[in-house]
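Student: After the C-alpha cells below, expect a handful of questions from me.
Where a number appears in this text, it was derived from the coordinates with a stated rule and is not lab data. In this text, all values refer to a predicted model and were calculated from it rather than measured experimentally. Reconstructed Cβ throughout: ideal geometry from the backbone, glycine too, with neighbour counts over all protein chains shown.
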Amino acid sequence: MTPSEKQYLGSLVAATEATLDLFSNRNKTVREKMVARAFLRCLGVEFSEDELVVGPEEPVDISFKSARFQIMEMPGDRKRGLEMHEKLERYQKAKSINDVTDPWLDRVPLSFTEVSRKIAGSLSGKASKYGVQACAKIDALVYVNIPGRHLFPLTPKLDPIAAEELHRHGWRSVSMVFIPYSCVLVARADCPEFLRNKTGRVRMKWPHPGGWFDPQ
C-alpha cells in the first residue's frame, strides 16, 4: 500500500467514525439543527444561527421564530447503524483502494405522490404518540434521506390519501426537505406565515453545491 493510499483509507475511517458519532443519541439536537438549516435554506428563508432554538421538551425539537418543528428523518428501509458499522469494518480491514470501492448506485426517481404517502405513514406513529391537540401546535418537518432516490417530477401533487391522513393527524403544518429541495405539503391557517405562503411549491433556493446543513 502506498503512503497516499494509506492516507486516503485513514481519511475514510475517520469520516465514518465521525458519521457514527453524529448519529449517536448525544448528537440528536445537532442533527435536528442541521435539518432545520437545510430546510430553511432550500426554502429560501433567511435565518441566523441564534434563531434556531432547541425546544425545552418534546414534541418541539427546534423552534424558529413562531415555527415549532418536530423533526423526523426518513431514511428508507435501510438499517443505517448496521450499515455504517459494516462500512467502518471494511475500511479498517482494507489493504488497497479496490477494497473500499462502493458499487454505483442508480438514481431512481421518487414521485411527489409516493413521497407524500411515505411521509404520512412515517408520521403516523408520532401523531398517535402526541395526539391531535398537541399536533395542532406543531410543525412536522421530515428529512427525506433515501440513498439512490431523487425527487421527480418536481410538480407537487399531494396524494389525496396522504393528504387526508396528514390532516387527520392534526399537524399545524407538514414540510419536507429532500436535498436540494424543500416543500411545505400542508399548512393550516394558523401556522407561521412563511410556511403557509409557500405551501404546495417545491423550492430550490440554496445557490451553492453543498453546505445545506452547515452552521453559518
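Student: Can you tell which of A15, P147, S4 lies farthest toward the positive end of the dipole of the chain, using +1 and -1 charges on the Cβ of basic and acidic side chains (Lys, Arg; Asp, Glu)?
Tutor: Working it through, the farthest residue towards the positive pole turns out to be P147.
Student: Sticking with this one: Specify whether the C-alpha gyration tensor of the range 1-84 places it in the rounded, prolate or oblate class, a ≥ b ≥ c being the square roots of the eigenvalues: rounded for a/c under 1.5, otherwise prolate if a/b is larger than b/c and oblate if not.
Tutor: Prolate, because a/c is 1.5 or more and a/b exceeds b/c.
Student: With viscosity set to 0.692 mPa s and temperature to 37 °C, compute the Stokes-Einstein D of the range 3-196, Rh being the Kirkwood radius across alpha carbon pairs; µm²/s, no decimals.
Tutor: Calculated translational D: 179 µm²/s.
Student: Using the Cα centre as the reference, give the magnitude of the dipole from point charges on the C-beta atoms of the chain (Lys, Arg: +1; Asp, Glu: -1; all else neutral), rounded to the nearest 20 debye.
Tutor: 380
Student: Short version: ³J(HN,Hα) in whole Hz for each residue of the range 176-182, in order, from phi by Karplus 6.51 cos²θ - 1.76 cosθ + 1.60 (θ = phi - 60°), x for Gly and Pro, what are they?
Tutor: 9, 10, 9, 3, x, 10, 10
Student: 222 nm [θ] for the chain, helices only, -39500 (n - 2.57) per DSSP H run of 4+, per residue, to 500?
Tutor: That comes out to -12500 deg cm²/dmol.
Student: Could you compute the net charge surrounding V60? Neighbours are other residues with a C-beta less than 11 Å from the C-beta of V60; K and R count +1, D and E count -1.
Tutor: Summing Lys and Arg as +1 and Asp and Glu as -1 gives -3.
Student: What percent does the relative contact order of the chain come to when contacts are Cα pairs within less than 8 Å and at least six residues apart?
Tutor: 25
Student: Counting only Cα, what are the radius of gyration and maximum Cα-Cα distance Dmax of the range 119-216, in Å?
Tutor: When restricted to the Cα atoms of the range 119-216, Rg and Dmax are 13.9, 40 Å.
Student: When DSSP assigns beta bridges and you keep just the ones with both residues in the chain, what percent turn out antiparallel, to the nearest 5?
Tutor: 45
Student: Another question about this same structure. Under a point spin-label approximation (7 Å from Cα along Cα-to-Cβ), what is the N197-V54 distance to one decimal in nm?
Tutor: Computed distance between label sites N197 and V54 equals 3.1 nm.
Student: Can you pull a Stokes-Einstein diffusion coefficient for the range 17-57 at 10 °C (1.306 mPa s), Rh from Kirkwood over Cα pairs, as a whole number of µm²/s?
Tutor: The Stokes-Einstein estimate is 140 µm²/s.
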